[in-house]
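We did not get these values from a lab; they are worked out from the coordinates using the rules stated. All values derive from a computational prediction rather than experimental measurement. Every residue, glycine as well, gets a Cβ built from its backbone with ideal geometry; the counts of neighbours run over all protein chains shown.
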Amino acid sequence: MRARVYVSLKKSVLDPQGKTIHHSLQNIGFQQITEVRQGKFFEIDFASELTREEVQAEVEKIARDVLTNPVIEEFSYRIE
Amino acid sequence: MKFGVLMFPGSNCEHDAYHAIRKVLRQPAEFIWHQSTDLKDCQAIIVPGGFSYGDYLRTGAIARFSPVMGAVRRFADRGGLVLGICNGFQILLESGLLPGAMLRNRGLKYVCRQVSIRVENARTPFTGLAGEGDVWNIPIGHMEGNYTLDTDAFQRLERNRQVVFRYCTPHGEITADSNPNGSAANVAGICNPRGNVLGMIPHPERASEPLLGSEDGVRLFQSMIQSRSQV
Amino acid sequence: MQANPAITAEVLEQHNLTHAEYDRILSILGRSPNLTELGIFSVMWSEHCSYKSSKLHLKRLPTQGPQVLQGPGENAGIVDIGDGYAVAFKIESHNHPSFVEPYQGAATGVGGILRDIFTMGARPIAAMNSLRFGPPDQPRNRRIMEGVVAGIAGYGNCFGVPTVGGEVVFEECYSQNPLVNAFALGLFRKDRIFYGKAVGIGNPVIYVGAKTGRDGIHGATMASAEFDEASESKRPNVQVGDPFLEKLLLEACLEAMKTGAVVGIQDMGAAGLTCSTCEMGGRADTGIEIDLARVPQREKGMTPYEIMLSESQERMLLVAAKGREEEIFRIFRKWEIDAVAIGEVTGDGMLRILDRGREVAEIPNRALTDEAPLYRRPVAAPARVPPSPTPAGALSNDWGKLLECFLASPNLSSREWVYRQYDHMVRTNTVQVPGADAAVVRVKNSRKALAMCLDGNGRYCRQDPRVGAQLAVAESCRNLVCAGARPLAATNCLNMGNPEKPEIMWQMTQVVEGMAEACRALGTPVTGGNVSLYNETLGEGIDPTPVIGMVGLIEPLSRLRGSWFVREGHRVVLLGPLVGQPTGYSSAVRHHLARLQPSRGNGTDLYTGWVGRLPCPPLDLDLEVRVQRTCREGIERDLILSAHDCSDGGLAVALAEMGFSRFGAGTLGADILLPPTEEVGEVLFAEYPSRILVTVEEENLVALEKIAALQGVPVTPLGRVVPEVLSVRRPGSVVLERSVVSLEEIWRNCLGGLFADPL
């Protein structure tokens, strides 16, 4: 099974990279954009013998304890 | 006073810290490998700068899982002196030994240059020999030194006088222009409530000899030594 | 042997092999090669690896000297710096990969040159780079430069080597062919040098470092062909660097070398496993047999062809003393790096490649290395550049405005925007930070420091490749002398166009000749370097651009000098001629000065346009040597307090630069009085070589003049250091007067302003 984890800065935290990309996109003509946030994306493959529930528990733990810094980041995930 | 200098895979300022302690301050120093849990009776621990684990994932994020960090936490809980420099500061933040987190620099680029910082609290073991308001010339070199913390926690930090250094002009004024990375309230270094754990983005070991352009960093190390000789 | 697909003309062309070269392969093997073998030949016989077009010419360079411990032919040159210390250094190009993918191209260029240094046992203590791009007012050029600078920073900073200097030049000819030349220098004890030799029959051959993937397959042949539109599709082949892994590899290799169990070691750069195996065998006159099944692989299903030609980064090949492998494996385990015995040294001189025990290639090592084809390609001088125009009209005389325009040129302005992104202080040895004439790193626990710089000048080499190359060598030595150093030796990178064109070959022969003459005169042998040919896109080539990397010794460290004013009241003195002999150069200078219309703020780069039209200034090598000797003696006798080379932008720019602020010190000006005899514009803005601005205490001026007189060097006291204002006068009139703060602002904000807008 494969988990896809998305990590991004919390809404309350300034995202200097996202802001810069947004600004530049506007400069080169993409006027309809209201916001850009930059984040990270992880693909994690699990051994096939695990159940979906087990994978889910693992993913949450990994995302919470390792992949994010809870002071500034939040995450979401999908399992396929 | 014996200093222990941690070595993580990817640390690259550990030899600089070691050199400053041994050759400039003439104090004993030992390297401590990240897999070790033995702090070798050191009275102060330096978490050096560099790119531990390549800064992959987040700066300092992987290093905090090293066995040695457990030992450092116990050492700090007992009141031992812990100094995190640059990437070392980031590791201390990730480990929860200090509050807050680092974002990418405001300018989005790595910044290496001399800056001025003002001593905001001279009653820590790291600044005992400085006067409050003293201005130090000291180099920085980092990509992620844009310190952030939520408002309430930041107010607590200020109230507790945990902000130890702020970026300033050469004359000691705290201005937006003198902030090289966008750090909240120009924060360059903070300590824990008890004052025995300090994290700072500037590199005191790079400001430890006149040849390098400044020896203001020596006062920090001397303060550490003096604070323990008084105990 | 594996199934043998037909070697058609098309296959040969894909491998950049000529029919004559293929015939040679047939006669060496006595049979047809299979595809893997053909691939091996093609990379080893590529221009990049074999130097087949340049080697015969490079033999004319001086390479010997009492200080030289290792000349060309190894991974890097080595020079003795006394008291048991030695330094290894080299420069190498990564032009083509940086054009295809600027960040990774530049990053892996840095990674490659660092491996060249530590593979010899030296710890890298300094890096520099010489960069050339198209004009920065074009977004495409800015994007390439942003990526290159970020790539150098990303790799060097993480690895932990200070990037202490270099050069950045903008010229139209580099728009489609940016140049990225990376230099590194390492320090070691001279009894601990390691070589890339596979000695000792039966010794195990060990692969260490990153796993092999399909990265950069055929990068070496790509670097040996012109770019065309189809090259865009080569993008996926670009290698990606991992500086963190390289840092671990450095520590592990140096630790392994200490055990005494390593007998030979070489990095896997261009042509990867192929190049390292046959070169190590070739140098030792031995054979090497490896089994590809044992090579750590990142991707599944790689063919022998792919494994042998992969250019995955951060890999090394080492030969261990038989029976002591475990000592090496233990160290690599500690650093969590793969280390696997993949074969052994044999006595038959063959490179033998097995795949699970089945032979897939067998070629004599020396056929791939020493016996690679060498070409004496046709040489033809191009039509001469038309003679300089005759002087015309009255000179423009707003010299202050002209100086401002020059300082605002991307080619003369502050490089701070670039070097701020480089960690130039890590290792706490950097005693002269970027921005001075030379970078200087001290050697801890000694009285020594090493000065180094990179210099090139394509625009003069275009006019006169021989004199242009001499000027580059002279300037690099002069820069070191200004810092208080004795130049020791040089490395070089020849960046040229397509050698199959006779006029490009002519440029090469001239450049090599000029470099050889100047290095001989200045006593700086060439210990190695790199040749980068085919710097052409759609038939448009670059100016011939030799880049000289010069290394010198400062001992004792108290001889270190800055290139700026120290204190008010010091005398400002010019060593060398105020103007050169009347020549075509000086008449061209006057002609073009008359037509310069300084107008600030309209965005035109007046300086670059101006020097682009000037012919190459003449160089008197004998005078150059004496000027440098005068400066060195003046420093050694403690008379000279600071020294700055007058080069790009001439005397006026040099005077302004000497007054600019440094951290913790404000600006200083100068009050300069020019003798009435000379043409003002020519004195201030012409780029005459062999000129050094120095400052001395009033009472030491006579002693300096005596040294100069003994050397037969002209000396002109120009004025003195004063606060705040740079003023140049002649008896009875003011030539220019500007506040140094305002000049500095123009100079400092140019690049930063151009790059203010990201993307």
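Would you work out which of A:25, A:5, A:57 lies farthest towards the positive end of the dipole of the stretch A:2-79, given +1 charges on the beta-carbon of Lys and Arg and -1 on that of Asp and Glu, about the Cα centre?
Checking the options against the dipole of the stretch A:2-79, the answer is A:25.
Which of the residue pairs B:109/C:300; C:55/C:444; A:10/A:61; C:211/C:258; A:61/C:334 have a Cα-Cα distance greater than 26 Å in the structure shown?
Values: B:109/C:300 37 Å; C:55/C:444 38 Å; A:10/A:61 18 Å; C:211/C:258 24 Å; A:61/C:334 28 Å.
Exceeds cut-off: B:109/C:300; C:55/C:444; A:61/C:334.
Please order C:89, C:755, C:332 by the number of other Cβ within 10 Å, starting at the fewest. List each step's numbers first, then the result.
Numbers: C:89 31, C:755 16, C:332 21.
Lowest to highest Cβ neighbour count: C:755, C:332, C:89.
What translational D, rounded to a whole number of µm²/s, comes out for the stretch B:131-186 from Stokes-Einstein when the hydrodynamic radius is the Kirkwood one over Cα pairs, at 4 °C and 1.567 mPa s? Before the final figure, lay out each step's value.
On the way: Rh = 12.4 Å.
Value of D from the Cα-based Kirkwood radius: 105 µm²/s.
Assuming R0 = 60 Å, what is the FRET efficiency of residue C:322 and residue C:679, from their Cβ-Cβ distance, to the nearest 0.05? Provide the component values of the computation, followed by the final result.
Numbers: r = 74 Å, r/R0 = 1.23.
Taking R0 as 60 Å, the efficiency between residue C:322 and residue C:679 is 0.20.
Where does the Debye-calculated log10 I(q)/I(0) of chain C sit at q = 0.10 Å⁻¹, using only Cα point scatterers of equal weight, no solvent?
-0.96
How would you order C:58-64, C:623-629, C:466-472 from highest to lowest mean count of nearby Cβ atoms within 10 Å? Kindly include the intermediate steps, with their values, before the conclusion.
Numbers: C:58-64: 16.3, C:623-629: 21.3, C:466-472: 26.9.
The most tightly packed comes first, giving C:466-472, C:623-629, C:58-64.
Where does helix C:650-659 land angle-wise versus the long Cα axis of chain C, in degrees 0 to 90, nearest 10?
90
Taking every pair of alpha-carbon atoms in the stretch A:2-79, give the share separated by more than 15 Å as a whole percent. Don't skip to the answer; put the middle values down first.
Values: 1840 of 3003 pairs.
I get 61 percent for the Cα pairs in the stretch A:2-79 exceeding 15 Å.
For the protein assembly as shown, report the % of Cα-Cα distances exceeding 44 Å. Show your work: numbers first, answer last.
Working: 211263 of 571915 pairs.
Looking at the protein assembly as shown, the distances longer than 44 Å represent 37 percent of pairs.
Fewest Cβ neighbours within 10 Å first, please rank C:143, A:52 accordingly.
Details: C:143 14, A:52 10.
Listing C:143, A:52 from fewest to most nearby Cβ atoms yields A:52, C:143.
Two-decimal Rg/Rh of chain B from alpha-carbon positions, Kirkwood Rh? Spell out each step's value before the answer.
Values: Rg = 15.8 Å, Rh = 17.1 Å.
Using only Cα positions, Rg/Rh for chain B is 0.92.
Binning at 10 angstrom from zero up to the longest distance, how are the C-alpha pair distances of the stretch C:392-530 distributed in percent?
10, 29, 31, 22, 6, 1, 0
Any idea what the dipole of the protein assembly as shown comes to, in debye rounded to 20, about its Cα centre with Lys/Arg Cβ at +1 and Asp/Glu Cβ at -1?
Numbers: 110 positive and 123 negative charges, 418 e Å.
Taking the Cα centre of the protein assembly as shown as origin, the dipole is about 2000 debye.
Please work out the C-alpha center-to-center distance from the stretch C:406-455 to the stretch C:562-588 and express it in whole Å.
23
Please report the spacing between the Cα centers of the stretch B:175-195 and the stretch C:147-170 in Å, no decimals.
Their Cα centres are 27 Å away from one another.
Tell me the label-point distance for the pair residue A:57, residue C:749, using the 7 Å Cα-to-Cβ offset, in nm and rounded to one decimal.
6.3
Please give me the summed charge of the neighbours of residue C:557: other residues whose Cβ is under 9 Å from its Cβ, Lys and Arg +1, Asp and Glu -1. Provide the component values of the computation, followed by the final result.
Details: positive: C:442, C:447, C:448, C:559; negative: C:555.
Every neighbour counted, the sum reads +3.
Wrap a convex hull around the Cα atoms of the stretch C:314-441, take a quarter of its surface area, and give that in square nanometres.
Details: hull surface 76.2 nm².
Spelled out: convex hull of the Cα atoms, projected over all directions, averaged, 19.1 nm².
Is it possible to state the helix-based mean residue ellipticity at 222 nm for chain C, with each DSSP H run of 4+ residues giving -39500 (n - 2.57), the sum divided by total residues, to the nearest 500 deg cm²/dmol? What is it? Don't jump to the answer; show the numbers that get you there.
On the way: 26 runs with 269 residues, N = 759.
One gets -10500 deg cm²/dmol as the mean residue ellipticity at 222 nm.
Just to be sure I follow: if Rg is taken over the C-alpha atoms of the stretch C:570-678 and Rh is the Kirkwood radius over the same atoms, what is Rg/Rh?
Values: Rg = 16.5 Å, Rh = 16.6 Å.
We get a ratio of 0.99 for the stretch C:570-678.
If Lys and Arg each add +1 and Asp and Glu each add -1, what is the summed charge of the other residues whose beta carbon sits under 12 Å from the beta carbon of residue C:179? Intermediate results must be reported in sequence, preceding the final value.
Working: positive: C:132; negative: C:92, C:167, C:171, C:543.
In short, -3.
Peptide B:103-115: average number of partner chain Cβ atoms within 10 Å per residue?
Working: counts 7, 7, 1, 4, 5, 7, 9, 11, 3, 14, 7, 5, 1.
Other-chain Cβ atoms within 10 Å of each residue's Cβ, averaged: 6.
Can you tell me how much longer the chain between residue C:359 and residue C:595 gets when fully stretched, taken as 0.36 nm per residue apart minus their C-alpha distance, in nm with one decimal? Could you put the intermediate results ahead of the total?
Working: separation 236, 0.36 × 236 = 84.96 nm, distance 7.11 nm.
So the extension gain works out to 77.9 nm.
Restrict the search to the stretch A:21-55; then list the chymotrypsin sites (Phe, Trp or Tyr not before Pro) that DSSP places in a loop and that have at most 12 other Cβ atoms within 10 Å of their Cβ. Walk me through the numbers on the way to the answer.
Working: sites: A:30, A:41, A:42, A:46; in loops: A:30, A:46.
When the chymotrypsin sites (Phe, Trp or Tyr not before Pro) of the stretch A:21-55 are filtered for loop state and at most 12 Cβ neighbours within 10 Å, A:30 remain.
Sorted by mean Cβ packing within 10 Å, highest first, what order do the peptides C:476-485, C:201-210, C:66-75, C:534-543 take?
On the way: C:476-485: 29.0, C:201-210: 21.5, C:66-75: 18.3, C:534-543: 20.0.
Result, highest mean Cβ count within 10 Å first: C:476-485, C:201-210, C:534-543, C:66-75.
Please work out the C-alpha center-to-center distance from the stretch A:30-73 to the stretch C:104-125 and express it in whole Å.
Going from one Cα centre to the other spans 35 Å.
Taking the number of other C-beta atoms within 10 Å as the exposure measure, put C:591, A:23 in order starting with the fewest.
Values: C:591 18, A:23 14.
Starting with the residue having the fewest Cβ neighbours, the order is A:23, C:591.
What is the ratio of the Cα radius of gyration of the stretch C:410-461 to 2.2 N^0.38 Å, where N is its residue count, to two decimals? Provide the component values of the computation, followed by the final result.
Working: Rg = 13.5 Å, N = 52, 2.2 N^0.38 = 9.9 Å.
Against the compact-globule rule of thumb, the ratio is 1.37.
Suppose R0 equals 60 Å; then what is the FRET efficiency for residue C:698 and residue A:26 from their Cβ-Cβ distance, rounded to the nearest 0.05?
Numbers: r = 60 Å, r/R0 = 1.00.
Between residue C:698 and residue A:26 the formula returns 0.50.
Nearest 10 degrees, 0 to 90: what angle lies between the long axis of helix C:502-522 and the longest principal axis of chain C (Cα atoms)?
Helix C:502-522 sits at roughly 70 degrees to that axis.
Given the options C:284, B:211, C:454, identify the residue whose Cα lies farthest towards the positive end of the charge dipole of the protein assembly as shown (+1 on Cβ of Lys, Arg; -1 on Cβ of Asp, Glu).
B:211
Summing Lys, Arg as +1 and Asp, Glu as -1, what charge do residues with Cβ under 11 Å from the Cβ of residue B:92 carry, residue B:92 excluded? Don't skip to the answer; put the middle values down first.
On the way: positive: B:64, B:73; negative: B:94.
Summing Lys and Arg as +1 and Asp and Glu as -1 gives +1.
For chain C, give the share of DSSP beta bridges that are antiparallel, in percent and rounded to the nearest 5; count only bridges with both residues there.
Details: 102 of 127 bridges.
Counting DSSP beta bridges with both partners in chain C, the antiparallel share is about 80 percent.
Over all residues in B:136-145, what is the mean tally of Cβ atoms on other chains that come within 10 Å of each residue's Cβ?
Counting other chains' Cβ atoms within 10 Å and averaging over B:136-145 gives 3.
For peptide C:425-438, compute the average count of partner chain beta-carbon atoms within 10 Å of each residue's beta-carbon. List each step's numbers first, then the result.
Working: counts 14, 11, 6, 16, 4, 5, 4, 0, 6, 1, 0, 0, 0, 0.
Mean shielding count: 5.
What's the extension gain from residue C:299 to residue C:211 if we count 0.36 nm per residue and subtract their Cα-Cα distance?
Values: separation 88, 0.36 × 88 = 31.68 nm, distance 0.87 nm.
Full-extension gain reported as 30.8 nm.
Does anyone have the angle between helix C:621-636 and the longest principal axis of chain C? Alpha-carbon axes, 0 to 90°, nearest 10?
80
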